Structures are given as structure tokens and as C-alpha cells.
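Input: a single structure, listed below in C-alpha cells.
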Amino acid sequence: MRESGLLSRRAFALGSFAVLAGCTTGTDSSLKRPPIPQRVSYPIVPPTAEELEARYAALEDGGHLIPAVPYTRMDPKYYRQRVKDPTGEPAGTVVVDTPGRFLYVVEPGGTAMRYGVGIGRDGFAWEGEGIIHWRQPWPRWKPPADMIARQPGLARYSVENGGMEPGIKNPLGARALYIFQDGKDTLYRLHGTPEWDSIGKATSSGCVRLVNQDVIDLYKRVSYHARIVVHQGALGA
């Protein structure tokens, strides 16, 4: 009788184990559904004067002193600010609106961080989709051969000569993000500049430039191998 009771208890225990095992291997489709991703909503609030003062203040970075940006002399639409996403691209995508002079980093929740940019001659030379293959703080500037042909005095900064030392006068500024397509360098760059008054304009050289304070912020938000889409026509057209 004791043996019978022991077997009964064993059978109960094994049956219970089978039920528990069924919780993880059964066919209940509700258990197989992936968790629903949470959409993060960011408030869209225009930056205050105090926030702008801090955002564009002088700062030390990597041993270099970056001057303050006189932001009150800029068109306010080119301030770094969160906006409703106009691109329709997935979160994490970088979008350059060349005609509008804006760069967007798309966020979850239907918003994007928008930056005002200046566009140089090379900024009109490429459009399409690529990846940010390389990201560099305080890069060396190595002008391409065609630029040296137009301005022979730049030969001392050629690839063969090692380029220009990093620094506040370097045309690539505090950060550079290098765009590749199909494994090849497009020669298209997102980079910093001390020339705050070039933001919102088409300048004589360079690709897509942001004030140094903004390109440092951009660098923090954009991951290695992030997707980038460059529009030479109107965004959404």
C-alpha cells in the first residue's frame, strides 16, 4: 500500500512536470508572438533661450577649444531642434534634404532631430542611399586631387603629404562621417565647420557641413553603418 501511494505520488509529479513543460513547448500561438515594441514619444518643444545659449556655447573637446556660435544671428529654423518626422524613413536613418538645407536623424515615435546645414559644391554631386562606413573625431583633411588641381596651394595637404592636422581651422571640423555605397567611398561627407554663417547656404566647397556643436551632437546619435538617404530634389517628391 505504501508502494502504491509512492507510485501515485511519482505519477502526479511526472504529470505536473509534463504540464509545466507544455508551457514552454506547446502550440499556444500567443506564447510565440514577439513582444510589441514600445513607441517612444518625444515632446516637440521649441528650445528656450537658455537651452540655445548652452547648446551653442564655447566648449573644449579633444584638446581643442571650439568658439561659441552667435546663434542669434542665424535663421532660427536652422537651430538644432526636434520636429515631426517628414521623411517616412525608419528610426535610425539619416536623411539629407539638400534643397531645404536640413539633415534629419529619424527617431522612434514619429519625430526627428533636425539640424541646419550648409551645402558645398561636392554636396550636390551625389544622391541616393548609402551607409555611414566610418566616423572620425577631429579628422585630418585630405583634399581630393581635383580640388588641388583648382587650388595648387593645397598640395601640402594632399593624401601623399598626410593631410592637414586636426584642429579648429581644419575644414572638416570636430567630426566627420564618411558615406559609402556598395562598399565604395562616395567622397560624400557630413562634417563640422567653424563657419556658422555658411549654414543654410550653398558654399564654394565641401559636402554637408554643420556647426561644430551640432556635428558633435550628430556624432553621438548616429551609429556605425547607419543608413543614410540623400535627396537632391524636394523631400517627399
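Okay, here's what the table says:
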| read-out | value |
| --- | --- |
| Table column - 3J(HN,Hα) (Hz), region 53-67, Karplus curve with 6.51, -1.76, 1.60, x for Gly and Pro | 4, 6, 5, 10, 6, 4, 8, 9, 8, x, x, 10, 9, 9, x |
| Contact order relative to length of region 49-231, as percent, for alpha carbon pairs under 8 angstrom and 6 or more apart | 27 |
| Positive-pole candidate from Gly100, Gly167, Tyr71, dipole of region 49-231, charges at beta carbon | Gly167 |
| Computed label-point distance, nm, for sites Ala234 and Ala125 using a 7 Å Cα→Cβ extension | 2.9 |
| Pairs of lysines in region 49-231 (C-alpha under 25 Å apart; 8 or more residues apart or interchain) | 12 |
| Tail fraction, Cα-Cα pairs, region 49-231, threshold 29 Å, whole percent | 17 |
| Inter-part distance where region 183-208 and region 85-139 are each reduced to a Cα centre, Å | 12 |
| Paramagnetic reach from Asp182 in region 206-228 [backbone N under 18 Å; point 7 Å along Cα→Cβ] | 228 |
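Quick note: the coordinates plus some simple rules give every number you see, no bench work behind them. The structure presented is a predicted model; accordingly, all values stated were derived computationally and were not measured. A quick note on method: Cβ atoms are made from the backbone with ideal geometry, for glycine too, and the neighbour counts reach across all protein chains shown.
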